[in-house]
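Visitor: Mind having a look at this structure? Questions to follow.
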Amino acid sequence: MALLNRPAHRSVRVRRVSRETSPGGHVSRETSSSWPGLGMAVAGAFTAWCVHRLLPTVPMLTASVVLGIAVAHLPGMRTFVRGTARPGLSLAGRRLMRLGIVLLGLGLGLDQVLRLGWATVAMVVGVVAATFLGTLWLGRRLGLPGDQPLLIATGYSICGASAIGAVSEVSGSDEEDVASSVALVTLCGTLAIAVLPLFQGPLGLSDPAFGRWVGASVHDVGQVVATAQTAGPGALGEAVLVKLMRVALLAPLVAAVAFSVRARRRGVRTSSGRRPAPVPLFVAGFLAAAGLRATGVLPDVALEWAHTAQEALLAAALFGLGSAVHLPTLARTGGRAAVLGLGAWVVVAGVSYAGVLLTV
């Protein structure tokens, strides 16, 4: 995939944060120095849960990112976050993200998704493709550094920060690129909660149609729920089902990126001595979890516990990613990133609106 090509000097990057390396260059084991950062990530996730309980309109995952950014810039915490806690925070942003994405598959009701009809499925696929390719193209034209165009395109088109984390695992993206992309996508998705309900009347959308529009255009699942609930339960149900369709496309998108990376690195091994996997294990786990959910063998209480665990894992991971955001660096590309965010927002909202009109 030519659109995914990156400069050669960045194409075989291997992150070594929070691991010890032997003299021969092989990764040996996770270090005990990860515990301070992991504990901090867990505390951040718990604080985000408290914020969500006090302010239900603020999604837990959004609060996690914001708290991570805020803590990393507190005068008394900056040295600790960038030093002692960095290995564990990076580990949380990587490993806990994978586990959370696997559990995300248990929330994917394939039978419910298919009941919406093939026209809606085709609409969602078209929205995702147009948003991903359009955002990726615009990001390259604007000259955003590193993998930011790829990651932002993924976040807008699929499911926000969770999708960014999934793609970054197979693209080998710099932690700074991941953190900056998560910050931008989270900001725009949060703004959607306040902005999109204002357009329901002017656009002439019924409650169910508004729900479909929200599900097809808003990034994070929590942001979809917060936005759609303003139009009632009918809109909320449609929004969640359409959103689940977009989540279902996470696996093929990650697999496509993985194959592209593998093709660029053909014959090249990572520092661990292994070639990049054609399909990451956590993607297979995501699909297996979705298949297990479709069998109907899991009781509702198990699904509820899995959802709670998923949110906790993703919240800790996003706190870790948020703590890697360096606002002065983000500000240097702020103008171009803002243009990309606005352009991507127009694309996903416009294409999804047209798709809703064609399928209602």
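Every read-out reported here was derived from the displayed coordinates using simple, explicitly stated rules and does not represent laboratory data. In this text the structure is predicted, and so the values were computed from the model without any measurement. For neighbour counting, all protein chains shown are included, and Cβ atoms are generated from backbone atoms with ideal geometry for every residue, glycine included.
Visitor: Given contacts defined as C-alpha pairs under 8 Å and at least six residues apart, what's the relative contact order of segment 71-228, whole-number percent?
Guide: Numbers: 135 pairs, mean separation 30.0, N = 158.
Relative contact order for segment 71-228 comes out at 19 percent.
Visitor: While we're looking at this one, here's another question. With a point put 7 Å past each Cα toward its Cβ, work out how far W118 is from A284 in nm, to one decimal.
Guide: 3.1
Visitor: Within the set of other residues whose C-beta is less than 14 Å from the C-beta of V71, count the net charge using Lys and Arg as +1 and Asp and Glu as -1. Don't skip to the end; give the middle numbers.
Guide: Values: positive: R78, R82, R86; negative: none.
Surrounding charge for V71 is +3.
Visitor: Which distance in nm do the two modelled labels at R141 and M77 give, with both placed 7 Å along the Cα-to-Cβ direction?
Guide: 3.9
Visitor: Counting Lys and Arg as +1 and Asp and Glu as -1, each charge on the Cβ, what is the dipole of segment 51-167 about the Cα centre in debye, to the nearest 20?
Guide: Values: 10 positive and 2 negative charges, 78 e Å.
Dipole size: approximately 380 debye.
Visitor: Let me ask you something else. Which distance in nm do the two modelled labels at T84 and W305 give, with both placed 7 Å along the Cα-to-Cβ direction?
Guide: It is 3.5 nm.
Visitor: Also, I was wondering about something else. May I ask for the percentage of alpha-carbon pairs in segment 66-184 that lie more than 19 Å from each other?
Guide: Numbers: 4012 of 7021 pairs.
Taking all Cα-Cα pairs of segment 66-184, the fraction more than 19 Å apart is 57 percent.
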